[in-house]
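A.B. asks: Handing you a structure now.
Nothing in this text is a laboratory measurement; each read-out follows from the coordinates by a stated rule. Quick caveat: nothing in here was measured; it's all calculated off a predicted structure. All Cβ positions, even for glycine, are placed from backbone atoms using ideal geometry, and neighbour counts span all protein chains on display.
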Amino acid sequence: MNLCKVLGTVVASHKHPAFQALKLLIVQPLDEKQRALGKSFIAVDHTSCAGKGDTVLVMREGNGVRQLLKNPKAPIRSIIVGVVDAVDA
Amino acid sequence: MYLGQVIGTVVCERKYAGLEGARLLVVQPLDHQRAPCGPAEVAVDTVSARAKDLVYLVGSREAALACDPSFVPVDSAIVGIVDAVDA
């Protein structure tokens, strides 16, 4: 899993049915010092409480996403699984 | 998953079994500020995207899951048409 910063939201009304009712956020991966590292990407928010500016924990693995969403055919790779309060590294 | 913009189409008469009827589009990946990021790629369209549409894509094995049938050799699929990005 990666630490990421939420950069903003993505609104899409016409999408694959597996994305219905899921919130999409753009996130920027961070290193352990919370510096930007690599390209931003889109993740689904499973915590339903992450917002712009939050540091979040993102899982980038499709099988884990399908288990969490209980949808064995979801074409989704990245999901926010926690909102980070503090990192001591 | 990542943002992209549709910049063209690919016509491919002979395709792998299971990909008959699949629309192939050329997509330029974009970053959160909608600036091009990396080389353009060919993606299967599952949402009837049109030229110049801002879309989001999924890559790797999950791209094939967006297709029907899902056991197809695809590693990039357009899974949504983006209305707005606030970033």
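A.B. asks: Do you know which of the residues in region B:26-77 that are more than 21 Å from B:Tyr16 (Cβ to Cβ) and hydroxyl-bearing (Ser, Thr, Tyr) is surrounded by the most Cβ atoms within 10 Å (Cβ to Cβ)?
C.D. replies: Going through the qualifying residues, I end up with B:Tyr56.
A.B. asks: Identify the residue in region B:33-65 that is without any contact (Cβ under 8 Å) to a residue 24 or more places away in the chain and charged (D, E, K, R) and, among all such residues, is farthest from A:Ala18 (Cα to Cα).
C.D. replies: Out of the qualifying residues, it is B:Arg61.
A.B. asks: Residues in region B:60-73 that are within 12 Å of the chain's Cα centre (by Cα) and more than 7 Å from every other protein chain (Cβ to nearest Cβ): how many?
C.D. replies: The total comes to 2.
A.B. asks: Here's a follow-up. If the requirement is being farther than 11 Å from B:Gln5 by Cβ and assigned to a strand (DSSP E or B), which of these qualifies: B:Val72, B:Val27, B:Val58?
C.D. replies: After applying the criteria, what remains is B:Val58.
A.B. asks: Does any residue of region A:52-61 turn out to be surrounded by 14 or more Cβ atoms within 10 Å (Cβ to Cβ), away from every other protein chain (no Cβ under 13 Å), touching a helix residue (DSSP H, G or I) at 6+ places or on another chain (Cβ under 7 Å) and not aromatic (Phe, Trp, Tyr)?
C.D. replies: Within region A:52-61, not a single residue is surrounded by 14 or more Cβ atoms within 10 Å (Cβ to Cβ), away from every other protein chain (no Cβ under 13 Å), touching a helix residue (DSSP H, G or I) at 6+ places or on another chain (Cβ under 7 Å) and not aromatic (Phe, Trp, Tyr).
A.B. asks: Restricting the search to region A:29-45, which residues are surrounded by fewer than 21 Cβ atoms within 10 Å (Cβ to Cβ) and either away from chain B (no Cβ under 14 Å) or farther than 15 Å from A:Val81 by Cβ (or both)?
C.D. replies: A:Leu30, A:Asp31, A:Glu32, A:Lys33, A:Gln34, A:Arg35, A:Ala36, A:Leu37, A:Gly38, A:Lys39
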